[in-house]
Every structure is written in C-alpha cells, then in structure tokens.
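First comes the structure, then the notes that go with it.
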Amino acid sequence: MKIGLISDIHATVDPLEQALTLFGRMGVDMTICAGDIAGYGEQLDKTVELLLDSECQVISGNHDLWFLESAVPDSQLWIKDYFSTLPATLNFTIEDKQLYVVHASPPCSNGEGIKLLDQHGEIIPARKDLWENKLNRFDHDVLIVGHTHQLFSVTLGNILTINPGSTKFNHSCAILTLPELAVQIIPLSGKEPQKVWNWSQMEGMYEQA
C-alpha cells in the first residue's frame, strides 16, 4: 500500500497541486497531511478545496488552530467549520503496521517539534538520542510529523519517523510504502528538496528546547 505524505502547506496551492497529481500518477492509495494548512500564504480557500476533493486525511496544526481563533470574513467561515472538525492526531493500522500522525510530536503536541537536523541537513547525534529516549515507550511502527520544516526519514529506536517537509518551504512530499516501510522523497516546484528551511528560526528553537 502506498501512502502520500504532505505537511505544512501554508495556504500555497501550486506545490500542493503538484504533490496530489504526482500521488495520482504513482498509484497512491491514500494521502495524509500532518497539519498547518493555513499560515504564510494567501490561497487558503483553494488549498482547503483541494484537500477536500482529494479526500486527504488531515490533522490540525498550530497555524490552523490560530486561524480558528482569528476574526475572518464571512466568506471564510466555512473554512473555520472545516478546521473545527480536524482531529489533533490520527492512528491507523495498515498492512499490520501501526501508524501515528501528529503535527509536532506525540502524544498530541502542536508546539514541541522533532528537530533532528543541523543547518546542513545532517542528523545531530544528541538530538537523535534525545528523541529516541522520548519515544522509548511509544508503541507504533511509524510516526508521521510536520511543524519544524525539516525533511527526514529516520528510525528513532524502533520507530520509523517521517517528516515529509513543507510542500511550500522544503519543496517536498513523500510516499510511504507498506508493509516494506520504504520512504521515497519527491521534489516539488522544480526545485531540489531543502532539508532545513529557515535555519535561524530553527536555531532559536534548539536553544529553547
């Protein structure tokens, strides 16, 4: 079974459309979005329409929760209604593999993101050790996250942990094949996937962690 993975769309249509088109061509069986549909971009209406049309399985991210708390024109009240239905997490058993989806980190954080990479996109051993310890009792085969705008597929302890990157900022999406646990990173927007976006911001987040 092939599962298309996207995250951190941030109200930007073109890379989302590309990802969904590629998923269709590559025989993806279902698509999962790890949150942050809103924020930064200005095409939220069309973005939500695409997700609905594609029957994407979506969770809420911090930007989506902020949108719910904001004042919006009447024309976007339907988006608030949609966001209000989104779960904080998803939990699937597919091909005898247990999958868990959360925006930042389990069990249901929208703020404490899994940050593993340095500014060059290389794994920081101390960060890997930290998250292996934090996930020591997390009983799933696959963990799918977003939030940090870091692109990775790495085994933390016994858990395959995947951040498909932001379709907008990392120019990436991914396909997870089960039961093999194979991950394919796919470039978007005609650009090389960027493993880390906005390092200066990420550096501050490391210091706070």
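Sequence-ordered 3J(HN,Hα) estimates for the stretch 125-138 from the Karplus curve with 6.51, -1.76 and 1.60 and θ = phi - 60° stand at x, 5, 5, 4, 4, 4, 6, 4, 5, 5, 9, 4, 9, 8 Hz, glycine and proline given as x. Estimated at 0.36 nm per residue, the fully extended path between residue 123 and residue 22 surpasses their Cα-Cα distance by 33.5 nm.
Counting Lys and Arg as +1 and Asp and Glu as -1, each charge on the Cβ, what is the dipole of the stretch 2-208 about the Cα centre in debye, to the nearest 20? Could you put the intermediate results ahead of the total?
Numbers: 13 positive and 27 negative charges, 78 e Å.
The dipole magnitude comes to about 380 debye.
In sequence order, the stretch 4-13 has phi-based couplings of x, 10, 9, 7, 6, 6, 6, 6, 10, 7 Hz under the Karplus curve 6.51 cos²θ - 1.76 cosθ + 1.60, θ = phi - 60°, and Gly or Pro positions carry x.
In percent, rounded to a whole number, the relative contact order of the chain is 22, using alpha-carbon pairs under 8 Å and six or more apart. Packing, as the average of other Cβ atoms within 10 Å across residues, places the peptides 28-40, 168-180, 49-61 in the order 28-40, 168-180, 49-61, highest first.
Across the stretch 44-51, computed HN-Hα scalar couplings (Karplus, 6.51 cos²θ - 1.76 cosθ + 1.60, θ = phi - 60°) run 5, 4, 5, 4, 5, 4, 5, 5 Hz from first to last residue, x flagging Gly and Pro.
Taking the Kirkwood radius as the inverse of the mean 1/r across Cα pairs, report the Rg/Rh of the chain. Can you show the working numbers first?
On the way: Rg = 16.0 Å, Rh = 17.0 Å.
Taking Rh as the inverse mean 1/r over Cα pairs, Rg/Rh reads 0.94.
Taking other residues whose beta carbon is less than 11 angstrom from the beta carbon of residue 152, and scoring Lys, Arg as +1 and Asp, Glu as -1, yields +3.
For residue 139 and residue 95, what is the calculated FRET efficiency with R₀ set at 30 Å and r taken between the beta-carbons, to the nearest 0.05? The value I calculate is 0.95.
Read the figures in this text as sums done on the coordinates, not as results from a lab. Predicted model only: the values in this text are computed from it and were never measured. Because the Cβ atoms are built from the backbone with ideal geometry, glycine has one as well, and the counts that use them run over all protein chains shown.
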